[in-house]
Amino acid sequence: MNRYFLYLVVLNMLTNVIIFVPRFLIRYRFDGMLISIVIAIVAGMALMYADTVIYAKFPGQGLPDIIQNRLNKPLRIVILVTFAFFWFIAGLLTLLGYIDILHRFINPELPKVLLIAIFLLILCFVVQFPTIKVMYLLEIILIINVPFIVFIFIKAVTSDYLSWDSIFEAGNHLYNMPNLNAVAVASYIFSGYANIIIFNRLFKEKIKKINFVLIFGISLLTLFTSIMVPIGMHGIDSVDEFMYPWIIMVDSIRLPYSPIERALFIFLMLYVNISLISVAVHWHVAFELVKGTFSANNRVKKDRLVLALFFVFSLLSVIRIDYMHPGKISMYWLVARLLFEALAVFGFFLFLRRRKA
């Protein structure tokens with residue numbers, strides 16, 4: 001079961017390679033990007049380890065189960081709804097980001113509303129699954145897709161168009177002062193650990209230390225390649241001109257012996273699966289948290305009402321996305337998310353201390 005924890009973290013790392021991390025971090029390539037990445041790795045690993053140690057005290061239980069008989073009902077509802085809101089927004093931002101990518105690079109004539117409606121029908125079906133079935137689906141998708149994604153990463157790193165001079169130039173700014181926004185963005189690749197809030201129901205034993213060693217190594221590789229490869233391909237000065245630097249970079253890769261020569265289409269199709277299961281995991285957590293506030297009466301109707309809210313709010317968001325400045329909203333949310341995660345871990349630690357007392 002320990003491998004399930006690794007899946008949750010790796011999923012978040014893969015998803016944010018094209019949506020959040022390179023797009024925002026590259027803005028700070030001259031203003032403390034590298035030192036911010038180092039701080040983000042330390043902070044992310046520390047929060048992850050602390051959270052897993054705390055939840056190990058409650059094997060086989062999610063947050064709704066843990067606080068069910070330990071907090072009064074109004075406080076319990078406030079906590080669960082607040083957590084559910086953050087998880088829903090995390091999934092929604094990922095979904096909106098990928099809808100924008102598909103609209104720009106695959107079919108600009110297809111209305112975004114129709115595109116998101118198709119995805120929402122799939123998501124509203126998947127998020128109702130039992131937690132173990134969601135994890136099985138995640139495992140299958142990762143096993144099928146990750147080898148191809150790794151292959152494309154290797155093709156990018158070994159490309160003749162990769163300029164190591166630009167990469168070394170970025171490395172010269174290692175000692176610049178760190179930036180809070182950059183730390184928040186870089187630390188987001190670790191946020192998959194927070195899904196343990198529900199998926200702890202699958203963990204009957206402590207997370208083994210080998211998982212943290214693997215995550216540390218994968219995070220180093222993911223962060224530095226997701227930033228340095230676009231810088232090496234586009235140049236350190238011009239890389240900031242692209243909204244999705246990884247997408248443009250992959251479009252320069254050719255696979256002459258493949259049925260599809262342009263790697264971009266393969267890359268985007270792989271990430272359709274990765275992004276959809278990422279949103280499904282986030283919304284499954286939000287769905288289970290909201291369910292924790294319900295009584296047993298009329299459970300089916302209440303579940304359908306929650307799914308209807310997910311559906312309607314997502315449709316309204318994609319309709320108004322051009323007026324909402326999604327880039328600014330995403331950046332504000334990433335900073336708020338880091339503070340919220342730290343506060344959640346610290347608050348749960350105090351809760352554990354009070355329980356012992």
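Values quoted throughout were computed directly from the atomic coordinates according to the rules given, and no laboratory measurement underlies them. Every value quoted in this text rests on a predicted model; they were computed, and no experiment measured them. Neighbour counts run over all protein chains shown; Cβ positions are idealised from the backbone, glycine included.
Between Asn176 and Glu139, the simple label model (points 7 Å from Cα in the Cβ direction) yields a spacing of 4.4 nm. Hydrophobic, long helices, defined as DSSP H runs whose alpha-carbon span along the helix axis is 18 Å or greater and whose mean Kyte-Doolittle value is at least 1.6, occur in the chain at 33-55, 112-126, 131-157, 209-234, 263-291. When the inverse distances between all different Cα atoms of the range 250-352 are averaged and flipped, the Kirkwood radius reads 17.8 angstrom. What the Cβ-Cβ distance of Leu162 and Arg3 gives, at R0 = 30 Å and to the nearest 0.05, is a FRET efficiency of 0.35. Within the shell defined by Cβ-Cβ distances under 13 Å, the residues around Leu334 carry a net charge of +3, with Lys and Arg each +1 and Asp and Glu each -1. Panel note: the C-alpha atoms of the chain, placed on their principal axes, show extents of 61, 46, 38 Å (largest first).
Ranking His173, Ile140, Thr82 by how far each Cα lies toward the positive end of the dipole of the chain (charges on Cβ) leaves Thr82 at the top. Taking packing as the residue-averaged number of other Cβ atoms within 10 angstrom, the listed peptides 282-290, 245-253, 55-63 run from highest to lowest as 282-290, 245-253, 55-63. Please check: in the Gaussian network model of the chain (C-alpha springs, under 10 Å), which one of Gly91, Gly217, Gly32 has the largest mean-square fluctuation. Judging by the Gaussian network model, the answer is Gly217.
Mind pulling up the Rg/Rh value for the range 85-153? Radius of gyration and Kirkwood radius, both on Cα. Value, to two decimals: 1.02. For the range 1-49, applying the loop criterion from DSSP together with a ceiling of 16 other beta carbons within 10 Å to the chymotrypsin sites (Phe, Trp or Tyr not before Pro) yields Phe30.
With the cut-off at 15 Å, report for the range 175-246 the share of all Cα pairs above it, as a whole percent. Cα-Cα pairs of the range 175-246 separated by over 15 Å account for 70 percent. Among the GluC sites (Glu not before Pro) in the range 74-169, those located in a DSSP loop and surrounded by at most 15 other Cβ atoms within 10 Å of their own Cβ are Glu109.
Note on Asp31 and Asp303: the extension gain reaches 93.3 nm, defined as 0.36 nm multiplied by sequence separation minus the Cα-Cα distance. Within the shell of other residues whose beta carbon sits under 14 angstrom from the beta carbon of Leu305, the net charge comes to +4, with Lys and Arg scored +1 and Asp and Glu -1.
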